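The values are calculated or read from the model by the stated rules, or taken from the named source; none is laboratory data. Everything quoted here is computed from the prediction, not taken from an experiment. Cβ: placed from backbone, ideal geometry, glycine included. Neighbour counts: every protein chain shown. These accessible areas exclude ligands, DNA and RNA; they are computed on the full protein's heavy atoms, side chains included. Shrake-Rupley method; radii C 1.70, N 1.55, O 1.52, S 1.80 Å.
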Amino acid sequence: MWLLVGCAAPADDTGLGVGRSSPEAAVDGFLEDLNLALRDPSLTEGATQRSWAERLAGYFAPDERVDQRVAFSEMLAGFADTSRNPIFGNRATLEITYSRIEILNREGNEALVHVVDGSFNLRWLNEQGDVIRERTGGLTEVIGQPSGGIPVIQVDGLWYLTEG
């Protein structure tokens, strides 16, 4: 997913990011914004992609944001192209779903967060918007987290995702 995949936030030049008050809130907020980005009708525009990439990278620890911004820019551009020019049908959609978020392990300023029933749902649609093909997979397998969770870290009192 990290390398896949009018609500956009402005670029964050302050370096503050969008840290959250708890490990669960950091992961939940990130997944919520990722889904919003993937549904943004203007995602085909470069400025929208850059804005979402900035926003999503802001969920990561400050020293990881530059790399994450590049990765999200590439992922969003790739998804926008796939959505417009799908292998099957007229367009494709991608959504991350889950039932809840829970802490697997927490020690000091580090935690591992489990996305319960986390999956991605890739759908190919015809002209009428009907699903003609669908692919679903486990979220932690797709993002390459063999631990079964998403690592987060606390920086200056706020929680951020980390490459771990």
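Restricting attention to region 37-59, does a residue exist that is within 23 Å of L112 (Cα to Cα) and open to solvent by 70 Å² or more (accessible area, probe 1.4 Å)? No, that holds for no residue.
Residues in region 67-85 that are more than 19 Å from G29 (Cα to Cα) and assigned to a helix (DSSP H, G or I): D67, V70, E74, A77, G78, F79, A80, D81, T82, S83, R84. Among all positions in region 136-149, there is no residue which is under 22 Å from L38 (Cβ atoms), at pLDDT 95 or above and open to solvent by less than 60 Å² (accessible area, probe 1.4 Å).
Quick one: would you say N109 is farther than 26 Å from G148 by Cβ, exposed (fewer than 14 other Cβ atoms within 10 Å of the Cβ) and either in contact with a Phe, Trp or Tyr (Cβ under 7 Å, 6 or more places away or on another chain) or of a type in the set (S, T, N, Q) (or both)? No: the conditions fail for N109. Inside region 155-164, residues that are in contact with a Phe, Trp or Tyr (Cβ under 9 Å, 6 or more places away or on another chain) and open to solvent by 60 Å² or more (accessible area, probe 1.4 Å) make up a count of 1. In region 86-100 there is at least one residue that is exposed (fewer than 13 other Cβ atoms within 10 Å of the Cβ), assigned to a strand (DSSP E or B) and among the charged types (D, E, K, R).
Do we have any residue at all in region 119-127 that's at pLDDT below 95 and touching a helix residue (DSSP H, G or I) at 6+ places or on another chain (Cβ under 7 Å)? Yes, some residue in region 119-127 is at pLDDT below 95 and touching a helix residue (DSSP H, G or I) at 6+ places or on another chain (Cβ under 7 Å).
Residue count for region 107-132 under the criterion of being of a type outside the set (A, V, I, L, M), over 30 Å from V152 (Cα atoms) and touching a Ser or Thr at 6+ places or on another chain (Cβ under 9 Å): the result is 1.
Could you tell me whether any residue of region 102-110 is at pLDDT 95 or above, closer than 21 Å to D67 by Cα and over 18 Å from the mean Cα position of the chain (by Cα)? Scanning region 102-110 turns up at least one residue that is at pLDDT 95 or above, closer than 21 Å to D67 by Cα and over 18 Å from the mean Cα position of the chain (by Cα). V27 meets the stated requirement of being β-branched (V, I, T), crowded, with 20+ Cβ neighbours inside 10 Å and either touching a Phe, Trp or Tyr at 6+ places or on another chain (Cβ under 9 Å) or modelled with pLDDT of 95 or more (or both).
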